[in-house]
Amino acid sequence: MASITMDNLGKVYTGNVRAVSDVNIDIADGEMIVLVGPSGCGKSTLLRMVAGLETITEGTLKIGDRVVNQLEPADRDIAMVFQNYALYPHMTVFNNLAYGLKNRGFKKDEIDRRVREAATMLEIGKFLDRKPRQLSGGQRQRVAMGRALVREPAAFLFDEPLSNLDAKLRVQMRVEIRQLQKRLGTTSLYVTHDQLEALTMADRLVVLNGGRIEQIGTPMEVYLRPATTFVAGFIGSPAMNMLPTAYLRGLVAADALAHMPVAADLVGLRPEDLSLAPAGEGEIALTGQLMLLEPAGAESHLHLTFEGIKDTIVARLPHVPDVQEGSHLTFSIRRDKLHPFDQATGKRVA
Amino acid sequence: MQTKRMTFSNNWLPYALLAPQVIVTLIFFIWPASQALYQSFLRQDIFGLRTTFVWFDNFNRLFADPLYLNSLKVTFWFSVGTTVLSMSVALLFAVMVNRMIRSRDSYTTFLVWPYAVAPAIAGVLWWFIFNPSIGIMPYMLKGFGYDWNHRSSSTDAMTLVIIAAAWKQISYNFLFFLAGLQSIPQSLIEAAAIDGASRFKRFWTIVFPLLSPITFFLMVVNVVYAMFDTFGVIHATTEGGPAQATNILVYKVYRDGFVNLNLGSSAAQSVILMGIVIVLTVIQFRYIERRVNY
């Protein structure tokens, strides 16, 4: 149990390739922080810097009260779950779990107790004598979790642990990992490229892009008030639509957008904020041509083109409407649901 | 594995396609092997005038012959020495090269070169290096107070042929070990590092066990090499001496057959060697496919 403090962390590889810059995150004891971003954004590098698998070239990293910049991975009191599980293929499940304890000189009965406890918790008790190759993907995932658990470390580090699982198992393991983490109250740092995983699992999530932090906040803060156009586009599926403010001003009375800051030349609209109901008080009406209707069971995605707008605009409805592709549809959106951005800086204005 | 079945429209075409391989095998293996087998049952008088069929007498004599038993012992130690030396040095090199990033390819290239050298040339090379009168090694060893002479000391002679034979084989083993090391996922090593294993411990508890299929394969290959492909090394350096100290089985076959002209005994010895090769090959095929450690 410990907090993790990242103070101006940065990573420059030899040859002056910059992977991470100016990362400041304070992780409270027991908190689950999810690092999310597209591939190449530096999230895995940052995690590996915390683990001690990559050297830290700038800033300081504290786990608990200790500065651990120079410590070996083994001395940082962390455990890591790898994307490919990294189970030792020549050892039984029991020995996989026990390996870290043996290396630390635990007594035999203590090792036995801890391994069995973790195995019961993860329901892998009957696989203890098997080799990893005799297990399914989900079971291997549990063993990898178990290997982290038995050590009872100060922090868990997860490097995209669910990306090798099929969709159904991924949802199940997501829930289990989160429940387990809450129960144990162990500080966790979780890396993923999947925004849904990030939203559902995090106490707070950190959106990274190009090695820099775009936004830190609780999932709902980030979702409801994305700080940059990047976050707006990355968090939420389908992604937030972007329209030039000038386009909207051409549609409505001059005073209808009076609340928008002057600097806001770009407006974001969440697909689910568009509705087919007629525009009422405080709402804006938008008409577009329906290019494609994607029914998805409980909801549907409508791909629309607006006159003079290059990008396709997507609307998400909580039902499948009875409309023809190619027809013109009028949507309404509440004015306070518009997200104002400055196109030049990419930042949210007010 | 599912193999695709190919059907030929013409009946003799498959036989024609197989013919070259079959002919080569017949002429260069089956025929000489059966000749050896046949000759191993024969004995000629000194002048080659009379040949008698003696059944297994050649074999009986061999196993009663202290020189032959000595040769078996010499071969055993020579094979073990060559295999252990070439494999451990190769593994050491592979581990060191595997840790390099940019210079890895150039080191690999240099380390593979000795494999292109013929065994006889390798033998001559080491014969010069260890030559008691003009060699650099005896000169240096003298500095440490060791009087090297492989012409009189059987230990020195054995050491020389083992070094010469192993040197060449290091390249081959090195390539396999390097490929093996590179196929071990980096995340396993990292996981072990987080699990608190020291560099040394990581190697012996993770890397080495994962290399075991390759190690086993190389062990068989190296034993076969040491027993059968080292004629040139022995011939160019010690010629089996001093006092039979390096007279390995293949070399003895040559000596007894072509120098001492005891063709019956020589043939019997080759038949025994053939048996050993067959056993080793069977072991290799059996275990390589099944006994994978994980």
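The values are calculated or read from the model by the stated rules, or taken from the named source; none is laboratory data. Keep in mind that this is a model prediction, so the values were computed, not measured. Note that we place each Cβ from the backbone using ideal geometry, even for glycine, and neighbour counts take in every protein chain shown.
Observations on the structure shown:
- Output for segment A:70-83, where each listed residue is in a loop (DSSP other than H, G, I, E, B) and surrounded by fewer than 16 Cβ atoms within 10 Å (Cβ to Cβ): A:Gln70, A:Leu71, A:Glu72
- Residue in segment B:199-218 that is more than 14 Å from every other protein chain (Cβ to nearest Cβ) and part of a helix (DSSP H, G or I) present: yes
- Residue within segment B:279-291 that is surrounded by fewer than 21 Cβ atoms within 10 Å (Cβ to Cβ) and either part of a loop (DSSP other than H, G, I, E, B) or touching a His at 6+ places or on another chain (Cβ under 9 Å) (or both) present: yes
- B:Gln244 vs. criteria more than 14 Å from every other protein chain (Cβ to nearest Cβ), closer than 29 Å to A:Asp159 by Cα and not hydrophobic (A, V, I, L, M, F, W, C): no
- Residue among A:Ile63, A:Ile4 that alone is at pLDDT below 95, over 24 Å from B:Ile189 (Cα atoms), β-branched (Val, Ile, Thr) and crowded, with 20+ Cβ neighbours inside 10 Å: A:Ile4
- Scanning segment A:231-268 for residues that are at pLDDT 90 or above, crowded, with 19+ Cβ neighbours inside 10 Å and assigned to a helix (DSSP H, G or I) turns up A:Val231, A:Ala232, A:Phe234.
- Residue under evaluation A:Val349, criteria (1) in contact with a helix residue (DSSP H, G or I) (Cβ under 8 Å, 6 or more places away or on another chain); (2) within 16 Å of A:Leu248 (Cβ to Cβ); (3) not basic (Lys, Arg), criterion not met: (1)
- Among the residues of segment A:84-103, those that are more than 9 Å from every other protein chain (Cβ to nearest Cβ) and either among the polar types (S, T, N, Q) or in a loop (DSSP other than H, G, I, E, B) (or both) comprise A:Thr92, A:Asn95, A:Asn96.
- Scan of segment B:167-196 for residues that are outside any helix (DSSP H, G or I), within 24 Å of B:Asp105 (Cβ to Cβ) and either within 9 Å of another protein chain (Cβ to nearest Cβ) or touching a Phe, Trp or Tyr at 6+ places or on another chain (Cβ under 8 Å) (or both), ordered by number: B:Pro185
- Failed criterion for A:Val12 (all others in (1) more than 21 Å from the chain's Cα centre (by Cα); (2) surrounded by fewer than 20 Cβ atoms within 10 Å (Cβ to Cβ); (3) within 13 Å of chain B (Cβ to nearest Cβ) hold): (3)
- Filtering A:Gly42, A:Gly52, A:Gly125 for residues that are within 27 Å of A:Arg204 (Cβ to Cβ) and away from chain B (no Cβ under 13 Å) leaves a single hit, A:Gly42.
- Here B:Ser153 fits the description: surrounded by 15 or more Cβ atoms within 10 Å (Cβ to Cβ), out of contact with any Gly (no Cβ under 7 Å at 6 or more places or on another chain) and hydroxyl-bearing (Ser, Thr, Tyr).
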